[in-house]
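Everything on this sheet refers to the single structure shown next.
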Number of protein chains: 2
Amino acid sequence: MNIAELNLLPLPASVNLREGKFRLDHTFSLTITGTPHDRIYGAATRFLRRLDGRTGLFFAQGFLTPLTIPATASFKIEVQKSGEINLHMEESYHLSVDIGGINLSAPSDIGAIRGLETLLQLLEADEEGWFFPGVTIDDKPRFPWRGLLIDVARHFLPVEKIKQNIDGLAAVKMNVLHFHLTDDQGFRIETECFPKLHEWGSDGFYYTQIQIKEIVQYAADRGIRVVPEIGVPSHATAILTAYPEYASAPGPYSIERKAGIMNPTLDPTREETYEFLEKLFTEVSALFPDEYFHIGGDENEGKQWDANPDIQRFMQENGIADNAALQTWFNRRLLKILTGLGKKMMGWDEILQPDLPKDAVIHSWRGKESLYEAAKNGYNCVLSNGYYIDLALPASSHYPNDPLPADQDLPAETAARILGGEATMWSELVTPLTIDSRIWPRTAAIAERLWSSGTVTDIQDMYRRLDEMDLRLEELGLQHNTARDVIMRSLCRGKDITPLKTLVDVIEPMKIYTRNPEGELYRMFSPFTLLADAARPDAKVARLFREAVVSYLREPHTRDRMRIMDHLRMWKSNHELLLPLIRQNPALAEAEEISRNLSKIASIGLTAMEGSIRDRAAGVSVFEEARKQGGRTELQVVDAIEQLVLNLPV
Amino acid sequence: MNIAELNLLPLPASVNLREGKFRLDHTFSLTITGTPHDRIYGAATRFLRRLDGRTGLFFAQGFLTPLTIPATASFKIEVQKSGEINLHMEESYHLSVDIGGINLSAPSDIGAIRGLETLLQLLEADEEGWFFPGVTIDDKPRFPWRGLLIDVARHFLPVEKIKQNIDGLAAVKMNVLHFHLTDDQGFRIETECFPKLHEWGSDGFYYTQIQIKEIVQYAADRGIRVVPEIGVPSHATAILTAYPEYASAPGPYSIERKAGIMNPTLDPTREETYEFLEKLFTEVSALFPDEYFHIGGDENEGKQWDANPDIQRFMQENGIADNAALQTWFNRRLLKILTGLGKKMMGWDEILQPDLPKDAVIHSWRGKESLYEAAKNGYNCVLSNGYYIDLALPASSHYPNDPLPADQDLPAETAARILGGEATMWSELVTPLTIDSRIWPRTAAIAERLWSSGTVTDIQDMYRRLDEMDLRLEELGLQHNTARDVIMRSLCRGKDITPLKTLVDVIEPMKIYTRNPEGELYRMFSPFTLLADAARPDAKVARLFREAVVSYLREPHTRDRMRIMDHLRMWKSNHELLLPLIRQNPALAEAEEISRNLSKIASIGLTAMEGSIRDRAAGVSVFEEARKQGGRTELQVVDAIEQLVLNLPV
C-alpha cells in the first residue's frame, strides 16, 4: 500500500501508513465509549450498513443504540463530549488502524462522524479479502464554514432529495447546507403568520414546517448546519405575488417563470414592510437553530425605487444618497430585527456598504476583492465566487480557487475572518432528476479545497480520487450517474442507447450563462429531459481523451496512440449509428448537427493520426462549425483533435 | 397505425382507430370544463409536464389552476362531477382524438385522470413530428379493487419512494395502495396513544401521522385509495416489543430480524387487549379515510395459545373448540370495534371461519378455493394468491391468473362479491434501492388482468407492451432499471460493468421462498447490494433468447440462428472477461461458479449449433451443475440451451 494510492477525499491533515492490515469478516463489530451525543449511534449504524453493503460480509451486528452497544469490539470509537452543531463545531479526529483493530477517537461525536467517512474511504481488497490498511490519521478542517447552497426556489426538490444531498455533504466532510428558500420563482416554506406566501407563491410546492424540522434534524444528525435564506429586498416576486402591498410599485404580481434579474422589490421606506419582515423572520428563524440567517440582498437594480416618487422623497428627507445607501438603511433595520432574534445576519456582497454594522457576515459571490475588502473592514465572510457549480464548469476550475491562497498577504487576524466557502447550486436549469449530476462529484473537489491544506493542489490526483468518490456517492442514493441513463433511454425510446451515450460522453451543457440566453429560453416548467440534461459538466471521457492528446503530442507513446485512435474511429462511425435513433424521436433532432460534427472532426483527426496528406485550411472551418452548440450542449474534444491535426507531422 | 401497434396497458374496454392524426407543437394546450374535483388541475399539469418532457416541445402552458384555465384549447377535458375516492369510485372515460383536437370526457375527474394516462400512452412520432393517432376509446375497469400491497414493516421505505410507486400505480390505472404498516420486524406508524409502538418497535424508521396524511392525500390526488393494515393477533412481535403485557406468553420481546412465521401473539382472552386495540384502531383508522381496515390475521400457529394454561381454561369455559375458533372469537371483537369506527374489517384467508360475520372482507392469499368459498358464503373478497410479486416469478405466471376465469360457474351475484385483486410486495428481501425492480414492470401485467377484459390474454403482446411501459415508468422517478446499474457499478469498483451485465442479464433471484431458506440467511439489516439484488425477476434477455430457441427448433430461420449464435458466443467468452472483476472484489466471488457454468453451457450449445459431434451424456452433468444457484441467483437459459443440444441434429 502506498499513500498515493489511497482514495481519501478530502485529504486529511496528516496520514501515515503503518505495518499490517486489519482484515474484515462477518464478526466485525464496533463499540462506542465516552459521552457522545446520541447521534453517534445512528451514524455508526449507517457506517456498518454501508460497509456491509460494499463488502457483502453479512455482519452480525445490527442496529446500535446505547442499550445494544457491546462491551468490546474490534473497532473502538471513543468520544469525549457531545458535539454542538454550530460554526465552531469540533470536527477533529484521530484514526489508527493496525492488524489488531481500529481506534477512532475524537473530542466530539461530530469529529467521530468525520472519521467514519475517512475509514470507509480506506476500504481495500486483495486476494485474501477485504481490509483496512494500517494507518494513523490526524485530521481537522482548514476552514470552519464548508457549505453547499441549494436553491429550491427555482425548482422545488422533494425532502428525500435534500436528505440524499445532506448525506453527500457528510461523505465529503462539508458542514453547511445553505437553504435558498425563496426567490422570484417561488416561496418554499410554510408560514403561519402569512399563509398566502406558500399558498400563492409556490404552486403548491413548499416545505411544511414539520418537513423543515425534519431536514434540520437530519442534517444535525450528520454534523451539518442548515442556514436559511429569505432573499430581500429583491428576488422577491413570489413574496409580492402574495403580498403586493409591500412592493415598491403597484401590483398585482405573479410568480416569475423565467430566469434573470427581476424588478419587484420590497419598499424599504414603509414601516409596514419591517413589521411584515419582523413577523416573517421571527417565525422562520425559529425553525432553524443555526445562529446565522441569510437575507440575500443581491441584484437589486433599484428600478422600482427610482420610479417611485414616495421613495425618492423619503431618500431626500433622510439624506440617503443613492439606492445602495437605501439598501443599507434597509439592512440596518433587518440587522436590528435579526439581532433581536438572536441571529447573525448574512447577506450577499451588495450589502457591504460604508454604514453596514460589523456584525453582518458578507457572502461574496462577485469576487475575491470584495471578500478581502470585507475581511479587512472587520467583517466575517464566506466565499462563493469561483464555486458556482451551476455554471457547468469543470472541477479543475473550482479546485484551485483558494479563499486564502498562499500569495495573499492578509494579517492573521484578517485572514481568520474568512470563514470558508460555499458551492452554489442555483437551480434555474435543474430538476429533481438532474440536480445530483450538477452537484456531484464536482462539489467534492470544493470540499477538499475547504477542508484540506492549501498545499494539496494536484489536479490530476484530485480527479483520480474524484472518480472513486463519484462511485461511492451512488451508495447514498444520489442519482448523478443514473439520471443520464434515464434520460437517454427515454430519448432512444427503448432502443440501445450506446450511440447516444458515445455522443453524450463528450459533450457538456453550455457553460456560464450561455445555455439560457437572457433567461428567456427556458421557463421553470420547461422540459429538462433532453440532450443538455443528459450531458454532464466535466465529461470524463472527453477529459481523458484530452489528457491522452496532450501526452501524445509531448511524446508519442503507443498506449496514448491506441487510445486516441480507438476513440476517433468510434466517433467517426458513431453518427451513422445515432441517426436512426434521431429519426425516430423528434426530441433528438437537436443532436443531429453536433453528432455529425463529431464524426467529421474525428475523421479529420484520424487522417492526421495516419499521417495522410490533408488540407489544413479546409479543416479550420470544420472545427469552427464543431464548436457551435447543439441542443444547448458543446463538444469537448474539438480543441484536442484540432491540436492533433495542427501538430502532427504530415 | 394499427391497433396491434398501440402501446396501451392496460388495454381499454374499447379502442377504435379513426382517420387522421392530431399533431403536437409548442402551442398545445388544454382546458377543463364541468365541475370536477380540484385534483384534476394538478393531474392535468403533471400530464402536460410529462408530455412536454417526452416531446421536448416547450409548451407555453404552465401550471393549471381554476384561475388560469384557458377558455379554449386543442385538448378539452370535460368532467361532470367531483369523484369520490372509495370502492365505488367512478373511473370510466371517453377519449376521442382526431386531426382537429382531443376530447376527454368522464363522469368524474377520476375517470379523466385514467384517460390522461391512456392519452400519454398513445403518443407516437413520425418523420413530421409528434402526434396522437386518431382514435375513439371507451373505457372502464372490470374490477373495482385493483391494488398493490407494500410491506414497509420488513424494510422501511421513505415517503418519496411510496409516492413514486403511487405514481406507478396511477400510470397503470390501479386504485388501491394496501399499506402493510406493521409486522414482527417493525411498527411503522406514529401513534399518540401508545408512543412506545413507534419508539420501541421501529428502530426510528416510521411514518409520522403528518406523513401518513401526506401519502393519503398524494394517493387521493391520483384517484387511489390507501387501505392500512395493522396485523393482529400474530405478526405482532414489534407491537409486543413495546407492550409485552398484551402477549400470550411472558416477554420481553425484541424486534424480529429474521423472516418467517413467528410465535409472539396477542392474548385474545383478556379485556385489556381489546381496550388496547380499540384505542389503537381508533387513532390509526382516523388517519385513513378509506372505508376498509385490514387486520391481517394470517399465519397464527397458536403456539403461545397452546402453551398458556389461562388461555386454555378460557377456551374451555367459553366452549371454544380450537385456535381457529379462538381467532374468530378475537375477530368478532375486532369487527365490533371497527364497525363502531365506521370501518369495514378486512383480513387474510384465515379469518374465514364458520362464525365470522358477513361484513368482513376476505383477502385470499392461499388460493382461489378460499376466494370462491368466501364469495359463495356471502363475503366480499379480494384475490392475492397468484399475485405474489415478491416470489420473483415472471409476469407471464401472474398474467393468466384471473379472479374470475371464463370457466368458473359462479352465479352473477356471487361473482360480484369478488372485488378484484392485489399484487403483494412483501419486503423481506428488498430495500428502498431494489424494491422498484421487484414491483415494476411486472405489476403492470397484473393491473391489466384486473382492469381489462378477461379475453385479453396474449402473453406475447403483454410483454411487448410491458417493455414499453418499463421505459415509461422511469419517467415517474421509479428506479427499477437504474438500481441494477448502481449495484453493478459498485460491484465492479469503477471498472467497465459490461461483463457483469452480460451475466446479470440472464440470471434471476432464486424464486418462491428458496432464496432465504427458513428465513435465516438474511437479516433485515443484511446487505441487499449484491448479485441477487442486481438480478431482476423476468430477465428480458433470457426471455427473448428462450423465445428464439423455441422458434428456431420449430423452424430454423436464419434470424433466430444468428441471435442464438451471437448470444452463445458472447456468453462463452464472458467468463474470462468477468474473472478480473471477480478477482478485485471479494463480494463478487459468489458470481464465479455461475458465470463459469454459463460459459460452459454456451460452449456446449455452440458446438450443437455448429453440428459438431458431442458427448450428450457428458453434457447432462454440466447442465445439472448449471442449474445450481450462485449468489442466490439462477441461470435462466439452461433449459433452452439444453433443448438445443438435445434436439438439434448432430
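If you check A:Asp533 against the conditions, is it farther than 28 Å from A:Tyr388 by Cβ and within 14 Å of chain B (Cβ to nearest Cβ)? Outline the logic, then answer.
Numbers: farther than 28 Å from A:Tyr388 by Cβ: no; within 14 Å of chain B (Cβ to nearest Cβ): yes.
It is false that A:Asp533 is farther than 28 Å from A:Tyr388 by Cβ and within 14 Å of chain B (Cβ to nearest Cβ).
If the condition is being surrounded by fewer than 21 Cβ atoms within 10 Å (Cβ to Cβ) and touching a residue at least 12 places away in the same chain (Cβ under 8 Å), then region A:389-401 contributes A:Leu391, A:Leu393, A:Pro394, A:Ser396, A:Pro400, A:Asn401.
Would you check if A:Glu5 is without any contact (Cβ under 8 Å) to a residue 12 or more places away in the chain and either out of contact with any helix residue (DSSP H, G or I) (no Cβ under 7 Å at 6 or more places or on another chain) or surrounded by 15 or more Cβ atoms within 10 Å (Cβ to Cβ) (or both)?
Values: without any contact (Cβ under 8 Å) to a residue 12 or more places away in the chain: yes; either out of contact with any helix residue (DSSP H, G or I) (no Cβ under 7 Å at 6 or more places or on another chain) or surrounded by 15 or more Cβ atoms within 10 Å (Cβ to Cβ) (or both): yes.
Spelling it out, A:Glu5 is indeed without any contact (Cβ under 8 Å) to a residue 12 or more places away in the chain and either out of contact with any helix residue (DSSP H, G or I) (no Cβ under 7 Å at 6 or more places or on another chain) or surrounded by 15 or more Cβ atoms within 10 Å (Cβ to Cβ) (or both).
Residues that are within 14 Å of chain B (Cβ to nearest Cβ) number at least 3 in the following helices (runs of 4 or more DSSP H) confined to region A:404-485: A:435-439, A:459-474.
Taking the criterion of being of a type in the set (A, V, I, L, M, F, W, C) and under 21 Å from B:Glu518 (Cβ atoms), the residues of region B:230-287 that qualify are B:Ala236, B:Ala238, B:Ile255, B:Ala259, B:Ile261, B:Met262. Scanning region B:260-274 turns up no residue that is part of a loop (DSSP other than H, G, I, E, B) and within 14 Å of another protein chain (Cβ to nearest Cβ). Listed by position, the strands (runs of 3 or more DSSP E) enclosed by region B:127-246 that each have at least 3 residues that are within 12 Å of chain A (Cβ to nearest Cβ) and over 15 Å from B:Glu422 (Cβ atoms) are B:129-139. Checking each residue in region B:547-569 for being surrounded by fewer than 18 Cβ atoms within 10 Å (Cβ to Cβ) and either within 14 Å of another protein chain (Cβ to nearest Cβ) or assigned to a helix (DSSP H, G or I) (or both) picks out B:Glu547, B:Val550, B:Ser551, B:Leu553, B:Arg554, B:Thr558, B:Arg559, B:Arg561, B:Met562, B:Met565, B:Asp566, B:Arg569.
Condition check for A:Thr498 on (1) within 11 Å of chain B (Cβ to nearest Cβ); (2) touching a residue at least 60 places away in the same chain (Cβ under 8 Å); (3) among the β-branched types (Val, Ile, Thr); (4) buried (at least 19 other Cβ atoms within 10 Å of the Cβ): one failure, at (4).
Let me confirm something: among A:Tyr243, A:Tyr292, which residue is over 21 Å from the mean Cα position of the chain (by Cα) and either modelled with pLDDT under 95 or not acidic (Asp, Glu) (or both)?
On the way: A:Tyr292 fails: over 21 Å from the mean Cα position of the chain (by Cα).
Criteria check complete, one pass: A:Tyr243.
Within region B:78-103, being of a type in the set (A, V, I, L, M, F, W, C) and under 26 Å from A:Ala587 (Cα atoms) holds for B:Leu95, B:Val97, B:Ile99, B:Ile102. You will find that of B:Leu433, B:Leu491, the residue that is more than 16 Å from the chain's Cα centre (by Cα) and at pLDDT 95 or above is B:Leu491 and no other. Quick one: how many residues across region B:44-65 are outside any helix (DSSP H, G or I), more than 7 Å from every other protein chain (Cβ to nearest Cβ) and surrounded by fewer than 21 Cβ atoms within 10 Å (Cβ to Cβ)? So the count comes out to 3.
Search region B:592-617 for residues being among the aliphatic types (A, V, I, L, M) and more than 22 Å from B:Glu576 (Cβ to Cβ), and hand back the single one that is modelled with the lowest pLDDT. If you could, list the steps in order and put the result at the bottom.
Taking region B:592-617 as the starting set, the residues that turn out to be among the aliphatic types (A, V, I, L, M) are B:594, B:598, B:601-602, B:604, B:606, B:608-609, B:613, B:617.
Subsequent filtering for residues that are more than 22 Å from B:Glu576 (Cβ to Cβ) retains B:613, B:617.
Details: B:Ile613: 63, B:Ala617: 69.
The extreme case among them is B:Ile613.
Can you go through A:Glu90, A:Glu78, A:Glu84, A:Glu124 and tell me which one is in contact (Cβ under 8 Å) with a residue 60 or more places away in the chain and either farther than 18 Å from A:Ala170 by Cα or surrounded by fewer than 21 Cβ atoms within 10 Å (Cβ to Cβ) (or both)? Explain how you work it out, then say what you get.
Details: A:Glu90 fails: in contact (Cβ under 8 Å) with a residue 60 or more places away in the chain; A:Glu78 fails: in contact (Cβ under 8 Å) with a residue 60 or more places away in the chain; A:Glu84 fails: in contact (Cβ under 8 Å) with a residue 60 or more places away in the chain.
Unique residue meeting the criteria: A:Glu124.
Being within 22 Å of B:Ala171 (Cα to Cα) and more than 9 Å from chain A (Cβ to nearest Cβ) is the filter here; which residues of region B:31-43 pass it? Can you show your working first?
First, pick out the residues of region B:31-43 that are within 22 Å of B:Ala171 (Cα to Cα): B:31-32, B:36-43.
B:Thr31, B:Ile32, B:Pro36, B:His37, B:Asp38, B:Arg39, B:Ile40, B:Tyr41, B:Ala43 - these are the residues of region B:31-43 that are within 22 Å of B:Ala171 (Cα to Cα) and more than 9 Å from chain A (Cβ to nearest Cβ).
On the stretch given as region A:519-542, residues that are surrounded by 18 or more Cβ atoms within 10 Å (Cβ to Cβ) and under 17 Å from A:Gln636 (Cβ atoms) total 10. Of all residues in region B:526-537, those that are closer than 22 Å to A:His26 by Cα have Cβ atoms under 6 Å from Cβ atoms of residues that are aromatic (Phe, Trp, Tyr), 6 or more apart or on another chain, in B:Ser526/A:Phe58.
To keep it simple, each residue is scored yes or no on (1) over 25 Å from B:Lys161 (Cβ atoms); (2) not hydrophobic (A, V, I, L, M, F, W, C).
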| residue | (1), (2) |
| --- | --- |
| A:Leu104 | yes, no |
| A:Asp109 | yes, yes |
| A:Leu122 | yes, no |
| A:Phe131 | yes, no |
| A:Gly134 | yes, yes |
| A:Pro141 | yes, yes |
| A:Pro144 | yes, yes |
| A:Leu149 | yes, no |
| A:Leu157 | no, no |
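Per the listing B:Asn647, B:Asn597, the residue uniquely surrounded by fewer than 18 Cβ atoms within 10 Å (Cβ to Cβ) and touching a residue at least 24 places away in the same chain (Cβ under 8 Å) is B:Asn647. Taken as a whole, the condition of being free of Cβ contacts under 8 Å to residues at least 40 places away in the same chain, more than 15 Å from B:Phe22 (Cβ to Cβ) and within 14 Å of chain A (Cβ to nearest Cβ) does not apply to B:Gly111.
Could you check, for region A:546-558, whether at least one of its residues is within 30 Å of A:Trp426 (Cα to Cα) and either of a type in the set (Lys, Arg) or in contact with an Asp or Glu (Cβ under 8 Å, 6 or more places away or on another chain) (or both)? Scanning region A:546-558, I find at least one residue that is within 30 Å of A:Trp426 (Cα to Cα) and either of a type in the set (Lys, Arg) or in contact with an Asp or Glu (Cβ under 8 Å, 6 or more places away or on another chain) (or both), so the answer is yes. Within region A:113-128, being within 25 Å of A:Lys81 (Cβ to Cβ) and of a type in the set (S, T, N, Q) holds for one residue alone: A:Thr118. Answer yes or no: is there a residue in region B:376-396 that is in a strand (DSSP E or B), of a type in the set (A, V, I, L, M, F, W, C) and out of contact with any helix residue (DSSP H, G or I) (no Cβ under 7 Å at 6 or more places or on another chain). The answer is yes; a qualifying residue exists.
When A:Leu326, A:Leu341, A:Leu356 are checked against the criterion of being surrounded by fewer than 21 Cβ atoms within 10 Å (Cβ to Cβ) and at pLDDT 95 or above, A:Leu341 stands alone in meeting it.
The values are calculated or read from the model by the stated rules, or taken from the named source; none is laboratory data. Model, not experiment: these values are computed from the prediction. For neighbour counting, all protein chains shown are included, and Cβ atoms are generated from backbone atoms with ideal geometry for every residue, glycine included.
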